[in-house]
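Notes follow once the structure below has been shown.
Nothing in this text is a laboratory measurement; each read-out follows from the coordinates by a stated rule. Nothing here was measured: the structure is a model prediction, and the numbers come from that model. Quick reminder, even Gly has a Cβ in these numbers, built from the backbone with ideal geometry, and neighbours come from all protein chains shown.
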Amino acid sequence: MCVGGDLEPGTILDAYRNGLFPMPVSRRHLGWWSPDPRAVIPLDSLRVTRSLRRSCRRYEVRVDTAFREVMEACGDPRRPHGWITKPFLDAYTRLHELGWVHSVETYTPDGELAGGLYGVAVGGLFAGESMFRRHTDASKVALVALVDLLRAGGMRLLDVQWQTPHLASLGAVEVPRAHYLELLADALACRGSWPVGSVAVLAPSTGAPNPLGG
């Protein structure tokens with residue numbers, strides 16, 4: 001971990017390309033982290049239980065339609081260990097506007113935002129930053145949809161930073177930093193793609209991508 005720097009778009013993107021990500025150390029100091037070991041979810045090893053498959057039928061999944069709302073929900077100060085400050089919110093919103101940061105959202109049948117996640121897409125890397133849920137399995141359904149999108153777009157690496165019991169239950173594994181950097185180099189060398197257009201709806205019964213231009 002190192003301290004300093006800024007949250008300009010070029011600084012943040014260079015960090016991800018070099019295996020780092022930003023997170024505050026204190027109210028005044030910005031830290032750049034590269035955990036050892038690093039947690040990743042292999043795209044062919046996501047664990048989708050029978051109950052989670054049923055949950056996938058309960059929500060509509062959209063892409064990049066409510067980015068700031070998703071990030072604000074992830075940064076709700078009432079959540080334990082909340083760390084997303086307004087400077088982070090503004091910086092990642094700017095990166096979203098530039099096409100580097102994306103959200104996957106889940107909605108109830110009556111149109112309520114139920115959960116979601118966001119992260120940074122560079123080449124074949126998707127660096128997951130945070131997720132939230134307001135209803136049962138809503139964030140997990142967003143993750144299922146994300147993995148489908150990454151596989152369909154030819155992306156190779158889903159980075160989830162630190163291992164937790166929740167992520168482990170979904171198939172996350174830990175790899176040494178040196179191996180992570182090898183996986184990262186391979187991912188950055190490939191030409192992965194993210195769905196084009198401001199609206200993309202995923203069929204909730206299957207999780208299969210069904211982009212709708214908007």
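Residues Leu188, Leu158 in ascending order of nearby Cβ atoms (within 10 Å, fewest first): Leu188, Leu158. Inter-label distance, Thr136 to Cys2: 4.7 nm, where each label sits 7 Å from its Cα along the C-beta direction. What is the diffusion coefficient of the stretch 55-131 in µm²/s, taking the Kirkwood radius over Cα pairs and the Stokes-Einstein relation at 25 °C with a viscosity of 0.890 mPa s? The estimated diffusion coefficient comes to 190 µm²/s.
Close amide H contacts of Ala114 (hydrogens built in the peptide plane, cut-off under 5 Å, sequence separation of 5 or more or a different chain): Thr106, Tyr107, Thr108.
Residues whose amide H lies under 5 Å from that of Ser130, counting only those 5 or more places away or on a different chain, are Tyr118; hydrogens are built 1.01 Å from N in the peptide plane. Put the Cα centre of the stretch 114-188 next to the Cα centre of the stretch 25-88 and the gap is 9 Å. Beta bridges assigned by DSSP with both partners in the stretch 36-211 are antiparallel in approximately 90 percent of cases. If you wrap the stretch 36-211 in the convex hull of its Cα atoms and look at it from every side, the mean projected area works out to 9.6 nm². Residue by residue, the stretch 115-124 carries 3J(HN,Hα) couplings of x, x, 8, 8, x, 9, 10, 9, x, x Hz when phi is fed to the Karplus relation 6.51 cos²θ - 1.76 cosθ + 1.60 (θ = phi - 60°); x denotes Gly or Pro.
Here the chain is scanned for trypsin sites (Lys or Arg not before Pro) in DSSP loops (not H, G, I, E, B) that have at most 10 other Cβ atoms within 10 Å, and the longest stretch holding none of them is 79-190. Look at Phe132, Phe126, Phe21 and count the other Cβ atoms within 10 Å of each Cβ; fewest to most, that gives Phe21, Phe132, Phe126. Applying 0.36 nm per residue to the separation of Arg57 and Glu72 and subtracting their alpha-carbon distance, the gain on full extension is 2.8 nm.
Let me check against my output: what whole-number percent is the relative contact order of the stretch 36-211, with C-alpha pairs under 8 Å and at least 6 apart? Once normalised by length, the contact order is 34 percent. Projecting the Cα atoms of Tyr59, Gly19, Val101 onto the dipole axis of the chain, where Lys and Arg carry +1 and Asp and Glu carry -1 at the beta carbon, places Tyr59 farthest toward the positive end. Mean projection of the Cα convex hull over all viewing directions, computed for the stretch 92-175: 6.1 nm².
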